[in-house]
Amino acid sequence: DRGGFNSNWAVNPPQSQTSVFGWCVRAWPTPSFFTGPMYDHTQGPPANGLHKYVYTEATFTSTNPAIPTRLRTPYINLTSVSQARLEFWVHMHGADMGSLVVDVDTGTSSNPAWVDSLWVQSGQLQNDSLDPWQRVVVSLDDFVGKNVRFRFLGYYGDGFRGDMAIDDVKVRTPYN
């Protein structure tokens, strides 16, 4: 929310708000009408623009819908925990909404071992930009004892009204 998304995360294709379907950092409403959230999950209307979220800008896309935009976390050490869960907040408002998929990698950067479809959502979740964000909680108990990283795959929908967003991504150990 205030700096958790940094250079340790990997974005593919590169961030852009005007040229290609990709992940972008935003503090204010997305530039397109009738899609995306109005504010980040935690703070609501930003007074100073410090609170941010990441989203996919669908307006100026030239992307093949079958090829997702990828957002990858750094590796997270789960070797000394007995329980873990991935928690994040999602906002998917827009009539042209595509799909959001979360995968987990249990390998290494030189030899990834992606476990597909840890979590999947197709189509819009919210009916309005002002609707509340939805909390997503995914058990990671099958991955304790390993180093893992996650990728958020955004798949383009049918048009510009498909700005999906995520915020407050956390791995919690133990559950609380």
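The values are calculated or read from the model by the stated rules, or taken from the named source; none is laboratory data. Worth saying up front: this structure is predicted, and the values here are computed from it rather than measured. All Cβ positions, glycine included, derive from the backbone under ideal geometry; neighbour counts span all protein chains shown. These accessible areas exclude ligands, DNA and RNA; they are computed on the full protein's heavy atoms, side chains included. Shrake-Rupley method; radii C 1.70, N 1.55, O 1.52, S 1.80 Å.
Every condition in (1) modelled with pLDDT of 85 or more; (2) assigned to a loop (DSSP other than H, G, I, E, B) holds for Ser62 except the one numbered (1). The residue that is least open to solvent (accessible area, probe 1.4 Å), counting only those in the range 141-158 that are modelled with pLDDT under 90 and within 23 Å of Val25 (Cβ to Cβ), is Gly157. Is it fair to say Ser129 is crowded, with 18+ Cβ neighbours inside 10 Å, of a type in the set (Ser, Thr, Tyr) and in contact with a His (Cβ under 9 Å, 6 or more places away or on another chain)? Spelling it out, Ser129 is indeed crowded, with 18+ Cβ neighbours inside 10 Å, of a type in the set (Ser, Thr, Tyr) and in contact with a His (Cβ under 9 Å, 6 or more places away or on another chain).
Residues being touching a Leu at 6+ places or on another chain (Cβ under 7 Å), small (Gly, Ala, Ser) and under 20 Å from Phe33 (Cβ atoms) are entirely absent from the range 92-110.
Taken as a whole, the range 69-87 holds at least one residue that is closer than 17 Å to Gly22 by Cα, open to solvent by 10 Å² or more (accessible area, probe 1.4 Å) and in a strand (DSSP E or B).
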